[in-house]
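> Provided herewith is a single structure, encoded as structure tokens, for subsequent inquiry.
The values are calculated or read from the model by the stated rules, or taken from the named source; none is laboratory data. No experiment lies behind these values; they were computed from the predicted model shown. Cβ coordinates were reconstructed from backbone atoms using ideal geometry, including for glycine residues, and neighbour counts include every protein chain displayed. Surface accessibility is based on the protein's heavy atoms, side chains included, excluding ligands, DNA and RNA. Shrake-Rupley method; radii C 1.70, N 1.55, O 1.52, S 1.80 Å.
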Amino acid sequence: MPAQPERADPLITMEGVDKWYGEFHALRGVNIEVRRGEKIVLCGPSGSGKSTLIRCINHLEAVQKGRIVVDGISLDDSARAVDAVRREVGMVFQSFNLFPHMTVLQNCTLAPMRVRGLNQAEAEATARKYLERVRIGEQAAKYPAQLSGGQQQRVAIARALCMEPKVMLFDEPTSALDPEMVKEVLDTMIGLARDGMTMVCVTHEMGFARQVADRVIFMADGEILEEAAPETFFKNPQHPRARTFLGEILAHH
Amino acid sequence: MNYTLDFGPVISGLPDLLKGCAGTLFLAVTGMTLALAIGIGGVVLRDSNVKALRILVISFVELIRNTPFLVQIYFVFFALPLVGIRLSPTPTAIVALGLNGGAYAIEIIRGGVQSIHKGQIEAGLALGLHKTDVFRFIVLRPALRAVYPSLTGQFIMLTLTTSIASAIAAYELTSVAKLIENESFRSFEVYGTITLLYLAMSWIIMKAFAVLSMRYFSYPVK
Ligand SMILES: Nc1ncnc2c1ncn2[C@@H]1O[C@H](COP(=O)(O)OP(=O)(O)OP(=O)(O)O)[C@@H](O)[C@H]1O
Ligand SMILES: [Mg+2]
């Protein structure tokens, strides 16, 4: 993957974003800037709005207030803007969401063919490249149900990479995995980070955060309460909610 | 009881009866194809953003499901000419069977679509696919797989319902049987024979569906 070009403007900007689910205020005045090549880890207690926040970046959720700009495209609910943004943003879900009726290879070629307009040979070449990269090339002809959870999640990562996105969003990519499979997925993500991918990761894997993140963002009740470099955040969290949260996380691990 | 069986007329009419079977299978297969198209299209419109379309589909389904097929087929037969469409009995029967089967298929397929995890749709959208592509490439096949047994049942039903098309003298087995019976008065033999023939055709259709299922829906699931 080519390194991200050096450009000064942020890849993702969220400004004064508010989101409600009906009466429920899920995001409150969220401001975030993600620079090109930056790796962000987003954490916080359950229900704090982490998923909601990253799902706004590719418009799986619409917001009621504020501005979201991705790669210079302002997400204004117009279909064109949404399409353009989704082309540049890859997403990996907690539950993998591979398409069960397609082989691993077909999972990886569908969007490049339908969205990027590649022909089958090109799409397959791209797919094989990224499947190799997540070290699962030999499984290309299998169906998702024939793979372990860790393998499925790596395929999901490869599938997103096949669109050659500028940023990858991860929503708790390892929380549905058996413990012995967490590492293979994290290693894949670390590799991706090393190659310069811009990443926004919702995860409670603090080892990963320490190793990879440029910044940790802590949120609770739909608000960003703290933003700091990982060493600072883990050693010396400022906000009492962050302290409580870290205490709980560490007790679990 | 001094009714003596005489299969003579049935035996001499056998070539016609077999042609009637072919007619029935033709009605069944074309009717099913139309019904499937209406079913899939109807599901898309049923959940579209346009309220008028949703209401249209709901009304259509209610209308078909709450009226007798015999009345529907007469309606198509006598109403279409009023709007200038003149179809002979067999195409009329296909249209009626397709509309009737389609209404039931809409309800069945919709159940399958609703059973698809919303993560599948989100994954498709996140990859940049449009809603229509998400439906076509991601949702449809697993949805059909989920309701395949009900759909098969419905289509066997459609196969048997073709016999009602004899009311407008479409070319199918029951019409042929009626002719033979009218000439020979051998009702028991004629209808006994076609009972077995219908049984055989149901079985063939069932097998055909099993083969299709092997072909399209045999991907492994957890
Ligand atoms: N579609 C929805 N409709 C209504 N409320 C929702 C919806 N999605 C999320 N919420 C609510 O918004 C809040 C934030 O949800 P979100 O999924 O973003 O939290 P999260 O931080 O990702 O939590 P978790 O760690 O459990 O995944 C929660 O209280 C949740 O109940
Ligand atoms: Mg979440």
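> What are the pairs, 6+ residues apart or on separate chains, where a residue within segment B:63-76 that is hydrophobic (A, V, I, L, M, F, W, C) has its Cβ under 9 Å from a residue that is open to solvent by 50 Å² or more (accessible area, probe 1.4 Å)?
Partner pairs satisfying both residue conditions: B:I64/B:L99; B:I64/B:Y104; B:F69/B:I164; B:L70/B:I164; B:I73/B:I164; B:F75/B:T67; B:V76/B:L87; B:V76/B:L99.
> Name the one entry in B:A165, B:A170 that is in contact (Cβ under 8 Å) with a residue 24 or more places away in the chain, in a loop (DSSP other than H, G, I, E, B), more than 10 Å from chain A (Cβ to nearest Cβ) and of a type in the set (G, A, S).
B:A170
> Tell me, which residue of segment A:198-238 that is within 16 Å of ligand 1 (Cβ to nearest atom) and among the small types (G, A, S) is nearest to the other protein chains (Cβ to nearest Cβ)?
Filtering first and then ranking leaves A:G222.
> Return the only residue of B:G101, B:G119 being small (G, A, S), open to solvent by less than 30 Å² (accessible area, probe 1.4 Å), in a helix (DSSP H, G or I) and at the interface with chain A (Cβ under 10 Å from one of its Cβ atoms).
So the residue among B:G101, B:G119 that is small (G, A, S), open to solvent by less than 30 Å² (accessible area, probe 1.4 Å), in a helix (DSSP H, G or I) and at the interface with chain A (Cβ under 10 Å from one of its Cβ atoms) is B:G119.
> Search segment A:79-118 for residues being over 14 Å from B:L129 (Cβ atoms) and within 7 Å of chain B (Cβ to nearest Cβ), and hand back the single one that is farthest from ligand 1 (Cβ to nearest atom).
That would be A:H101.
> Go through segment A:36-51 and give me each residue that's surrounded by fewer than 21 Cβ atoms within 10 Å (Cβ to Cβ) and within 15 Å of ligand 2 (Cβ to nearest atom).
Answer for segment A:36-51, where residues must be surrounded by fewer than 21 Cβ atoms within 10 Å (Cβ to Cβ) and within 15 Å of ligand 2 (Cβ to nearest atom): A:P45, A:S46, A:G47, A:S51.
> Read through the list (1) within 9 Å of ligand 1 (Cβ to nearest atom); (2) under 23 Å from A:E248 (Cβ atoms); (3) open to solvent by 10 Å² or more (accessible area, probe 1.4 Å); (4) not in a loop (DSSP other than H, G, I, E, B), then give the number of the only condition that A:I54 fails.
Looking at each condition in turn, A:I54 falls short on (3).
> May I ask you to say which residue of B:L140, B:L144, B:L151, B:L125 is open to solvent by less than 40 Å² (accessible area, probe 1.4 Å) and at the interface with chain A (Cβ under 7 Å from one of its Cβ atoms)?
Testing whether each residue is open to solvent by less than 40 Å² (accessible area, probe 1.4 Å) and at the interface with chain A (Cβ under 7 Å from one of its Cβ atoms) leaves just B:L125.
> Same structure, new question: Between B:G31, B:G42, which is within 16 Å of B:L158 (Cβ to Cβ) and over 13 Å from the mean Cα position of the chain (by Cα)?
It is B:G42.
> Right, another one. For the structure I just gave you, tell me whether A:T244 is touching a residue at least 40 places away in the same chain (Cβ under 8 Å), within 16 Å of ligand 1 (Cβ to nearest atom), in contact with a Pro (Cβ under 9 Å, 6 or more places away or on another chain) and among the polar types (S, T, N, Q).
Taking the combined requirement at face value, the residue does not satisfy it.
> Say whether the condition of being within 16 Å of ligand 2 (Cβ to nearest atom) and touching a helix residue (DSSP H, G or I) at 6+ places or on another chain (Cβ under 9 Å) is met by at least one residue in segment A:239-248.
Checked against the condition, which is being within 16 Å of ligand 2 (Cβ to nearest atom) and touching a helix residue (DSSP H, G or I) at 6+ places or on another chain (Cβ under 9 Å), segment A:239-248 yields no hits at all.
> Would you be able to tell me the number of residues in segment A:17-35 that are open to solvent by less than 90 Å² (accessible area, probe 1.4 Å) and within 16 Å of ligand 2 (Cβ to nearest atom)?
Final tally of qualifying residues: 4.
> Out of the residues in segment A:172-197 that are surrounded by fewer than 22 Cβ atoms within 10 Å (Cβ to Cβ) and within 16 Å of ligand 1 (Cβ to nearest atom), which is nearest to A:M113 (Cα to Cα)?
So, considering only residues that are surrounded by fewer than 22 Cβ atoms within 10 Å (Cβ to Cβ) and within 16 Å of ligand 1 (Cβ to nearest atom), the one nearest to A:M113 (Cα to Cα) is A:E172.
> Let me ask another. Looking at A:A62, A:A26, which one is away from ligand 1 (no atom under 11 Å from the Cβ) and of a type in the set (A, V, I, L, M, F, W, C)?
The match here is A:A62.
> Which condition does B:S48 not pass, out of (1) closer than 30 Å to B:I116 by Cβ; (2) within 23 Å of the chain's Cα centre (by Cα); (3) not in a helix (DSSP H, G or I), if it passes all the others?
Here B:S48 clears every test but (2).
> Out of A:R128, A:R116, which single residue is closer than 24 Å to B:G119 by Cβ and of a type in the set (D, E, K, R)?
After ruling out the rest, the residue left standing is A:R116.
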